[in-house]
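Down below is the structure, laid out as structure tokens.
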Amino acid sequence: MRWNLRMKAAERGVWKSTELRRRLAEAGLEISAGKMSALWTGTPTSIRLDDLEIICHVLDCEPNELLIREPEAVAARRPPKEKLAAVGGQVINPRLGRNRTLPPA
């Protein structure tokens, strides 16, 4: 996913993180300067849905305009097919949930 906060803010005439922070506070979302800096300069690893909703309200946008899918990044993380093949050319398909050991007593 690509975080598109700065572009959406610029489209709404917000050029500084302090201005966005002030607008978010007016809408009821108090963000620390450090957290605002992290949201402004990088891609967050997590964001609360309530916070995302207020950010979208302030910037008059939808979540999919802030979080942009990057399918090519997902494809690049897939292991090559050579690693999936086992000895003899057969593909190993793990069967999850079977043959589990019992938890310790």
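The values are calculated or read from the model by the stated rules, or taken from the named source; none is laboratory data. All figures in this text were calculated on a predicted structure; none of them were measured in a lab. Neighbour counts are summed over all protein chains in view; Cβ atoms, including those assigned to glycine, are modelled from backbone coordinates with ideal geometry. These area figures cover heavy atoms from the full protein model, side chains too; ligands, DNA and RNA do not enter into them. Shrake-Rupley method; radii C 1.70, N 1.55, O 1.52, S 1.80 Å.
Quick rundown of the values:
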| read-out | value |
| --- | --- |
| Pairs, first under 13 Å from Met7 (Cβ atoms) in segment 59-79, second open to solvent by 80 Å² or more (accessible area, probe 1.4 Å), C-beta under 7 Å, six or more apart | Leu59/Arg12; Leu67/Met1; Ile68/Met1; Ile68/Arg2 |
| Helices (runs of 4 or more DSSP H) within segment 1-87 that include 2 or more residues touching a Leu at 6+ places or on another chain (Cβ under 9 Å), of a type in the set (A, V, I, L, M) and surrounded by 12 or more Cβ atoms within 10 Å (Cβ to Cβ) | 5-11, 33-41, 49-59 |
